Amino acid sequence: MNRLVRVFAADTADGVALMDLRTSAGAWRFLDPVGAGLWRQLACGTPRTRAVEELVEQWAARGAPPEQVRADLEALATRLDAEGLLDAAPHPQDDTAVPEVRFAETGARPGARVRIAAYAGLAAALLLLRCLPVRLVVRAARGAGRLPGRSATAAEADAVCAAVQRAVGWCRAGRRAWRSPWPRT
């Protein structure tokens, strides 16, 4: 089944954040740890009654009233299902699917061409994010990722990262330097 995922999930320190790209601006829904546990189980295919009962047992063991937990979880499951948020991108089930993260070298010295591309790319990204709905920006980014070309080497990626960081610093400095000549009242 090849369908376009419209709901994305990200684990946070306080639960799960769901981004629904079916709306024009992209709607966020944040679930606390209890709701996140329910969402994870339901999104992975656990039957609703089993997921609710497991979480009721877990939270009752911590002193929460089981009837209240069950009622809250049932209400949340109904709301998530009604909003279509159970069709989200699944979490990776094993740690082997997670790619290795490599941090950019901070001492990279980008050339003039890379710096100009970084400024132009940053300006284009900010303009797109400001003027278009999030779902269209995501579509454009996906499309750009499919353009033909070779993958960047680690040194090229470091240079581009350094150039973008420099461009962001320049933008922030310019924003701090510009102050309205009229006093705030």
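The values are calculated or read from the model by the stated rules, or taken from the named source; none is laboratory data. In this text, all values refer to a predicted model and were calculated from it rather than measured experimentally. Neighbour counts are summed over all protein chains in view; Cβ atoms, including those assigned to glycine, are modelled from backbone coordinates with ideal geometry.
The residue list 152, 104, 108 contains one member that is among the small types (Gly, Ala, Ser), part of a loop (DSSP other than H, G, I, E, B) and modelled with pLDDT under 65, which is 104. Can residue 125 be described as surrounded by 14 or more Cβ atoms within 10 Å (Cβ to Cβ), in a helix (DSSP H, G or I), at pLDDT below 85 and among the small types (Gly, Ala, Ser)? So residue 125 passes the test. Of the residues in segment 33-77, how many are part of a helix (DSSP H, G or I), surrounded by 13 or more Cβ atoms within 10 Å (Cβ to Cβ) and polar (S, T, N, Q)? Residues in segment 33-77 being part of a helix (DSSP H, G or I), surrounded by 13 or more Cβ atoms within 10 Å (Cβ to Cβ) and polar (S, T, N, Q): 2 in total.
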